[in-house]
Amino acid sequence: MKKKLLVIVMLVGIVISIPFWSSQSDRPAGAYPWQIDVHADGLSTVFGLTLGRTTMAQARSELGEGMKLALFSSDNGDDSVEMYYSHFSAGRLSGRLVIVADLAADTIATMRQRAVRSGGVHSFRLHRDDLPVVFQAPVKTLTFIPVVDLDRDIVIQRFGEPQEIVSSNDKLSHYLYPQQGLDLILDSDGKEVLQYIAPRDFAQLRDPLRH
């Protein structure tokens, strides 16, 4: 999990100061980070995207073309294909959004063989022949990095009491909401990170924290 967070941090880079309250939002009214619709089949909808069902192409159509698509590699082999929006409005809350495609590890490995290194050691530009496969894949996870700093009081007010809190080190605390499929990471020295996954798959976020 720590290495996966490093990939996210590298993707986000240095946070550029942008307004917390956006004067004009292109998101549907009410699409805030704490508004999570949970479905009977164990899926959930966040920001208008249903995790495990909405395809990457549908996500791009919903959120707009202003994104970057890349394959990211980590030292432990936990590679992923991600769409990144550097300016994203969740309701009237500004931040950054990372959308991870649900692709098999062997599929990503094959894509990496054709990809070209771009923008850093861990970033690769996908071959155009692989784009149809990526955009047909469902969204696996969302990661939202708000511009505003969150604290415990704000988190409890907006999201309620977590089922569990796991501290991975002296600075990071994971507020776990398995019924909503949310791992909200409070960072005492950096930016907070909200990781969403379908509730039925929440163990994929929680289990690495227990090892």
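Here 134, 121 are screened, and the one residue that is of a type in the set (A, V, I, L, M) and either within 19 Å of the chain's Cα centre (by Cα) or within 17 Å of residue 50 (Cα to Cα) (or both) is 134. Could you tell me whether the range 133-151 includes any residue that is of a type in the set (Gly, Ala, Ser), touching a Phe, Trp or Tyr at 6+ places or on another chain (Cβ under 8 Å) and surrounded by 14 or more Cβ atoms within 10 Å (Cβ to Cβ)? No, the conditions are met nowhere in the range 133-151. A search for C-beta distances below 9 Å between a residue of the range 29-54 that is over 18 Å from residue 96 (Cα atoms) and any residue that is among the basic types (Lys, Arg) and buried (at least 20 other Cβ atoms within 10 Å of the Cβ), counting only pairs 6+ apart in sequence or on different chains, returns 52/140.
Filter the range 45-64 down to the residues that are assigned to a loop (DSSP other than H, G, I, E, B) and either of a type in the set (Lys, Arg) or at negative phi (or both) and list them by number.
53, 54
Regarding residue 127, is this residue closer than 18 Å to residue 100 by Cβ and surrounded by fewer than 19 Cβ atoms within 10 Å (Cβ to Cβ)? Considered against the rule, which asks whether it is closer than 18 Å to residue 100 by Cβ and surrounded by fewer than 19 Cβ atoms within 10 Å (Cβ to Cβ), residue 127 comes out as no.
Residue by residue, here is whether (1) farther than 30 Å from residue 121 by Cα; (2) at pLDDT below 95; (3) surrounded by fewer than 19 Cβ atoms within 10 Å (Cβ to Cβ); (4) of a type in the set (Lys, Arg) holds:
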{"residue": "20", "(1), (2), (3), (4)": "yes, yes, yes, no"}
{"residue": "25", "(1), (2), (3), (4)": "yes, yes, yes, no"}
{"residue": "38", "(1), (2), (3), (4)": "yes, no, yes, no"}
{"residue": "57", "(1), (2), (3), (4)": "no, no, yes, no"}
{"residue": "60", "(1), (2), (3), (4)": "no, no, yes, yes"}
{"residue": "75", "(1), (2), (3), (4)": "no, yes, yes, no"}
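The set of residues from the range 93-113 being within 23 Å of residue 66 (Cβ to Cβ) and of a type in the set (Val, Ile, Thr) comprises 98, 99, 100. For the range 90-122, which positions are in contact (Cβ under 8 Å) with a residue 12 or more places away in the chain and among the basic types (Lys, Arg)? Result: 92, 96, 112, 114.
Residues of the range 165-177 that are touching a His at 6+ places or on another chain (Cβ under 8 Å) and either of a type outside the set (Gly, Ala, Ser) or surrounded by fewer than 14 Cβ atoms within 10 Å (Cβ to Cβ) (or both): 165, 166, 167.
The values are calculated or read from the model by the stated rules, or taken from the named source; none is laboratory data. No experiment lies behind these values; they were computed from the predicted model shown. As a convention, Cβ positions derive from the backbone with ideal geometry for all residues, glycine included, and neighbour counts pool all protein chains shown.
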